[in-house]
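The block underneath contains the structure these notes are about, expressed in structure tokens.
The values are calculated or read from the model by the stated rules, or taken from the named source; none is laboratory data. These numbers were taken from a predicted model, which means no experiment stands behind them. Every residue, glycine among them, receives a Cβ derived from its backbone with ideal geometry; neighbour counts consider all protein chains shown. Quick note on the areas: whole protein, heavy atoms, side chains included, nothing else; ligands and nucleic acids left out. Shrake-Rupley method; radii C 1.70, N 1.55, O 1.52, S 1.80 Å.
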Amino acid sequence: MNEITRKRFMPRSVVIGAVALGLVGGSYGIASAATGSKAATTTGTASVFQTATTTPPSAGQPWGPQRSDETPLTGDALAKVTAVAEAKVPGGTVVRVETDADGHATYEAHMVNASGAPVTVYVDSGFNFVGVETR
């Protein structure tokens, strides 16, 4: 081996590692951008799904994704709206709790009732029950 062949600017393992890291990072970035997905977080008893896309409603998510003009609830507001919703829909499961931008009420809780039908419970700013919409 001559001196030129022995001297490499970077070891081959470093180059391979850098290429692999770049591929993984790039793939993740492309996948995130393509889905428009942010994160799913769980707070208390309700799951809040945040999605930046305008995907139409589906069988798995009949209300559609989290809208940009509605804000997921946290803390006391989340706990109070969830309690009202669970009291009005016995055996139901809370899917998402947020502000209501449609003007029905201040807050809304998206749920699935005991029979599996999608339900939205509306709650006013004083955390009083306003109404239930079953789809």
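Give the stretch 80-100 a look and list any residue that's open to solvent by 50 Å² or more (accessible area, probe 1.4 Å), in contact with a strand residue (DSSP E or B) (Cβ under 9 Å, 6 or more places away or on another chain) and not hydroxyl-bearing (Ser, Thr, Tyr), or say none. If the condition is that a residue be open to solvent by 50 Å² or more (accessible area, probe 1.4 Å), in contact with a strand residue (DSSP E or B) (Cβ under 9 Å, 6 or more places away or on another chain) and not hydroxyl-bearing (Ser, Thr, Tyr), then 80, 86, 87, 88 are the ones that fit. If only residues of the stretch 114-127 that are farther than 13 Å from residue 82 by Cα and surrounded by fewer than 16 Cβ atoms within 10 Å (Cβ to Cβ) are counted, the one that is farthest from the chain's Cα centre (by Cα) is 126. Residues in the stretch 83-135 that are closer than 14 Å to residue 71 by Cα and in contact (Cβ under 8 Å) with a residue 60 or more places away in the chain: 109 alone.
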